[in-house]
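These notes concern the structure reproduced below.
The values are calculated or read from the model by the stated rules, or taken from the named source; none is laboratory data. The model shown is predicted, which means the values in this text are computed figures rather than measured ones. Positions of Cβ are generated from backbone atoms using ideal geometry, with glycine treated the same way; all protein chains shown enter the neighbour counts. Surface accessibility is based on the protein's heavy atoms, side chains included, excluding ligands, DNA and RNA. Shrake-Rupley method; radii C 1.70, N 1.55, O 1.52, S 1.80 Å.
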Amino acid sequence: MGEITCPVPLGNGRRILLAHGGGGRLTRDLVENVFVPAFRNDALAVLHDSAVLERPSGALAFTTDSFVVHPLFFPGGDVGRLAVNGTVNDLAMSGARPLYLSLGFILEEGLAVDDLTRVVTSIQEAAREASVAVVAGDTKVVERGKGDGLFITSSGVGVVVAKRPVTPSEVRPGDAVLVSGTVGQHGVAVMAVRDGLAFAAPILSDCASVADAALALLASGLDVHCMRDPTRGGVATVLNEIASQARCEIAVHESAIPVSEDVAGACEVLGLDPLYVACEGRFLAFVAAADADRALEVLRARPETAQACRIGTVRQGGTPGLVVLRTKGGGDRVLDLLSGEQLPRIC
Ligand code: MG
């Protein structure tokens, strides 16, 4: 990436007009004054119909996701930071080093230009932290009432650095299940703002890149079979997805799953189960049992994954697709997929 400068503040109370998406002078103003200065890099600077990129040596990982979080700004992040980290994390979960992002912005007529600039600045910061370049983008404007401020679709490309596949099909009976930190913070942070709940100290979203930690784990040479970030649907949903895809039974211990006191308290007030609440800066890793302790050492040596712990095991000869929770009370219960949407527009 070339030199980075801040977007020129062209807000001053200005709002997005339909003409900002019309392809004319206002579109050019927006591109030249807001987007290009923030994301400055050689590929983007060409301002042509597509970015032309050097081909990395290795297989490519390619992912896409849309971000419709409401509200756009929440404690610990915003829709822009979420778009970058969500995409970067999905690439890393496939064992890839994130390289490039393409961002599509759907703006609603009337959005404050200052809010757009704030989101763009936050994308710039998150992209720099995650060492990815925003090399392509698009902006469209929809009429007032036809959007909700700002939606972002983000696609990312990375180069696979994992020496072996890191996928659910690699999960084996006996594998240890690790989580990289406390769960449920992102969902609770967003829901608390949305519901107007005030806590003594606001609960911050965990929104962050986990790419460096995930890649450090792979680089350690330990036997890592699968990784996945527990976003929408939280840890319980991801465990169900993997148990089903790997055709195995997974057992987890409720007392081993780290939930901060704040999040546990807020979940009680909001009527949520933290195991189903989205994280945006955490990941689960399935690691050969013999390597579990060393994997935890690798993770705990890093500040962002210092609270990593082992939460469960892939059972020998269990029921394929089943996830069992050993509760704090000592009983077993099935941790099922939820029917219906627990937390709409959380990411
Ligand atoms: Mg994911």
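Report, ordered by the first and then the second residue, all pairs with beta carbons closer than 8 Å, sequence separation of six or more or different chains, a first member in the stretch 137-166 that is at negative phi and among the acidic types (Asp, Glu), and a second member that is open to solvent by less than 60 Å² (accessible area, probe 1.4 Å) and assigned to a loop (DSSP other than H, G, I, E, B).
Correct list of pairs: Glu143/Glu109; Asp148/Val68.
Any chance you could count how many residues in the stretch 49-78 are farther than 30 Å from Arg164 by Cα and either among the hydroxyl-bearing types (Ser, Thr, Tyr) or loosely packed, with under 13 Cβ neighbours inside 10 Å (or both)?
Qualifying residue count for the region: 2.
When you look at Ala251, is it within 16 Å of the ligand (Cβ to nearest atom), small (Gly, Ala, Ser), open to solvent by less than 20 Å² (accessible area, probe 1.4 Å) and touching a Ser or Thr at 6+ places or on another chain (Cβ under 9 Å), yes or no? Give the derivation first.
Details: within 16 Å of the ligand (Cβ to nearest atom): no; small (Gly, Ala, Ser): yes; open to solvent by less than 20 Å² (accessible area, probe 1.4 Å): yes; touching a Ser or Thr at 6+ places or on another chain (Cβ under 9 Å): yes.
Considered against the rule, which asks whether it is within 16 Å of the ligand (Cβ to nearest atom), small (Gly, Ala, Ser), open to solvent by less than 20 Å² (accessible area, probe 1.4 Å) and touching a Ser or Thr at 6+ places or on another chain (Cβ under 9 Å), Ala251 comes out as no.
Kindly provide the set of residues from the stretch 289-317 that are within 22 Å of Gly174 (Cβ to Cβ), open to solvent by 30 Å² or more (accessible area, probe 1.4 Å) and touching a residue at least 12 places away in the same chain (Cβ under 8 Å), ordered by number.
Ala289, Ala290, Arg294, Val298, Arg310, Thr313, Arg315, Gln316, Gly317
Of all residues in the stretch 188-207, which are assigned to a helix (DSSP H, G or I) and open to solvent by 20 Å² or more (accessible area, probe 1.4 Å)?
Taking the stretch 188-207 as the starting set, the residues that turn out to be assigned to a helix (DSSP H, G or I) are 188-194.
Answer for the stretch 188-207, where residues must be assigned to a helix (DSSP H, G or I) and open to solvent by 20 Å² or more (accessible area, probe 1.4 Å): Met191, Val193, Arg194.
Does Cys279 satisfy the criteria of being under 29 Å from Phe74 (Cβ atoms), modelled with pLDDT under 95 and touching a Ser or Thr at 6+ places or on another chain (Cβ under 9 Å)? If you could, list the steps in order and put the result at the bottom.
Working: under 29 Å from Phe74 (Cβ atoms): yes; modelled with pLDDT under 95: no; touching a Ser or Thr at 6+ places or on another chain (Cβ under 9 Å): yes.
No.
Within the stretch 220-237, which residues are within 16 Å of Leu91 (Cα to Cα) and near the ligand (Cβ under 9 Å from one of its atoms)?
Arg228, Asp229, Pro230, Thr231
Of the numbered conditions (1) crowded, with 16+ Cβ neighbours inside 10 Å; (2) part of a helix (DSSP H, G or I); (3) over 20 Å from the mean Cα position of the chain (by Cα), Glu241 fails exactly one; give the number of that condition.
All conditions are met except number (3).
Quick check: is even one residue across the stretch 113-128 within 16 Å of the ligand (Cβ to nearest atom), under 27 Å from Ala219 (Cα atoms) and open to solvent by less than 40 Å² (accessible area, probe 1.4 Å)?
No.
Consider Val161 carefully, then state whether it is away from the ligand (no atom under 16 Å from the Cβ) and either more than 24 Å from Leu30 (Cα to Cα) or surrounded by 19 or more Cβ atoms within 10 Å (Cβ to Cβ) (or both).
Details: away from the ligand (no atom under 16 Å from the Cβ): yes; either more than 24 Å from Leu30 (Cα to Cα) or surrounded by 19 or more Cβ atoms within 10 Å (Cβ to Cβ) (or both): yes.
In short, yes.
Among the residues of the stretch 164-176, write down those that are open to solvent by less than 60 Å² (accessible area, probe 1.4 Å) and either polar (S, T, N, Q) or under 18 Å from Gly281 (Cβ atoms) (or both).
Step one: list which residues in the stretch 164-176 are open to solvent by less than 60 Å² (accessible area, probe 1.4 Å), which gives 166-168, 170-171, 174-176.
Matches in the stretch 164-176: Thr167 only.
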